[in-house]
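Participant: Starting off with a structure, shown below.
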Amino acid sequence: MSVQLSEKALLLHGKMSESPTSTLFNQQELQDLVHITKPVELLSIAQELINSKLVKLVKQGEELKFQAVSVTEASKITQMTDEEAMVYSYIEASGREGIWTKTIKARTNLHQHVVAKCLKSLEGQRYIKSIKSVKHPTRKIYMLYNLQPSIEITGGPWFTDSELDTEFIDSLVTVIWRFAASKTFPSAFQQPTNNVNPIQATYPATHTGFVDLDQIMEFISVNKITNIELGLNDIRSLCDVLIFDDKLELVSHTTDTYKATWQSVIEAGFGRGYLEQGSGVSEATRKAVVTSFSIFDHYQTVEETEDLAYLDSWTHQ
């Protein structure tokens, strides 16, 4: 920067810059940084830095505090017009949430034409960028060019260009189910074996081989299923979808540990070798796999006899 600063102003800015950029200082903390006892002297130095755009005032509650601005950022701001600097300051303050153009106009009290001109200039210099919000798709929202929008704006990993990416979700759900099912019923994905019940093969009392969220995360990462960064909550949401679809279920007395349902294995086409005659498995095993209980199929639990009377018929006799 071409502006000449006093020695004490340079010292104060250097001390402030040693802390994280988001650090806010009150008056006493600034005095302690440069060992100044007179508030008047400090305010003179602070005003020098404010005029040079190297320090800005931030209101925290009812108190005004001071925040250091990098030399690069200050140089950028000093090259802006007053209107551009004002618009930029509100966009900067919005952080990763961004700010709506209508809000910028209301807060700056500038004419719509002036606001539009400032936005065009700032965007052309790559100081800001426009983003789409999944909550407000018709609004034009601006944020600093180097920031990533928050999940509230983008909708998280499940949205692409503000549209729900159902294909991506379906593919991940399938991968997670296949991984969980292979750990729950490993024999179901192999050729049928005589005297092996695939439903019971992995259920000894001490079995702990079911998958949890960390294992699913690791599987997706190691196999490079997606280049989109996913968190544990994202994986949990997908598992909740599979539970809702009766494809996964939570293991009893555990947290975030899952096993696949046998019905989902059958529906996916696996384990059907056990359903075929002449598959090489015993009849007892085949029946154990085929038989499933349903409250709507009375004939599976009650054997038909000549003297059998159902409750509704018996009560009307």
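The values are calculated or read from the model by the stated rules, or taken from the named source; none is laboratory data. All values derive from a computational prediction rather than experimental measurement. Here the Cβ is made from the backbone with ideal geometry for all residues, glycine too, and neighbour counts use every protein chain on show. Keep in mind that these areas ignore ligands, DNA and RNA; they rest on the heavy atoms of the full protein, side chains included. Shrake-Rupley method; radii C 1.70, N 1.55, O 1.52, S 1.80 Å.
Participant: Would you mind checking the radius of gyration and Dmax of the stretch 1-105 based on alpha-carbon positions, in Å?
Facilitator: 14.5, 45
Participant: What is the log10 of I(q)/I(0) for the stretch 7-69, computed with the Debye formula using one identical point scatterer on each Cα and no solvent, at q = 0.13, 0.16, 0.28 Å⁻¹?
Facilitator: -0.28, -0.43, -1.42
Participant: Now for a separate question. For the stretch 7-69, with only Lys/Arg (+1) and Asp/Glu (-1) charged at the beta-carbon, what is the dipole magnitude about the Cα centre, in debye rounded to 20?
Facilitator: Dipole of the stretch 7-69, to the nearest 20 debye: 180 debye.
Participant: If the only charges are +1 at each Lys and Arg Cβ and -1 at each Asp and Glu Cβ, what is the size of the charge dipole of the stretch 80-155 around the Cα centre, to the nearest 20 debye?
Facilitator: On the way: 12 positive and 7 negative charges, 70 e Å.
Roughly 340 debye for the stretch 80-155.
Participant: Follow-up question, since we're still on this one. With a 10 Å radius around each residue's Cβ, average the other Cβ atoms per peptide and rank 59-66, 244-251, 42-49, 15-22, highest first.
Facilitator: 42-49, 244-251, 15-22, 59-66
Participant: If I take R0 = 51 Å and measure r between the Cβ atoms of LYS15 and ASP246 in this structure, what FRET efficiency does the formula 1/(1 + (r/R0)^6) give, to the nearest 0.05? Could you put the intermediate results ahead of the total?
Facilitator: Numbers: r = 62 Å, r/R0 = 1.22.
The computed FRET efficiency comes out at 0.25.
Participant: What are the radius of gyration and Dmax of the stretch 80-155, computed over its Cα atoms and given in Å?
Facilitator: According to the Cα coordinates of the stretch 80-155, Rg and Dmax are 11.5, 35 Å.
Participant: Here is a follow-up. Separation between the GLN112 and LEU24 pseudo-spin-labels, each 7 Å from Cα along Cα→Cβ, expressed in nm?
Facilitator: Label at GLN112, label at LEU24, 3.5 nm between them.
Participant: If packing is taken as the average count of other Cβ atoms within 10 Å, what order do 138-145, 221-228 fall into, highest mean first? Can you show the working numbers first?
Facilitator: Working: 138-145: 16.6, 221-228: 10.6.
Most protected by this proxy first, the peptides run 138-145, 221-228.
Participant: Of the heavy-atom accessible surface of the stretch 80-155 (probe 1.4 angstrom), what whole percent is carbon and sulfur?
Facilitator: 50
Participant: A follow-up question, please. Quote the FRET efficiency, to the nearest 0.05, computed for LYS76 versus LYS105 with a Förster distance R0 of 22 Å and r equal to the Cβ-Cβ distance.
Facilitator: E between LYS76 and LYS105, to the nearest 0.05, is 0.45.
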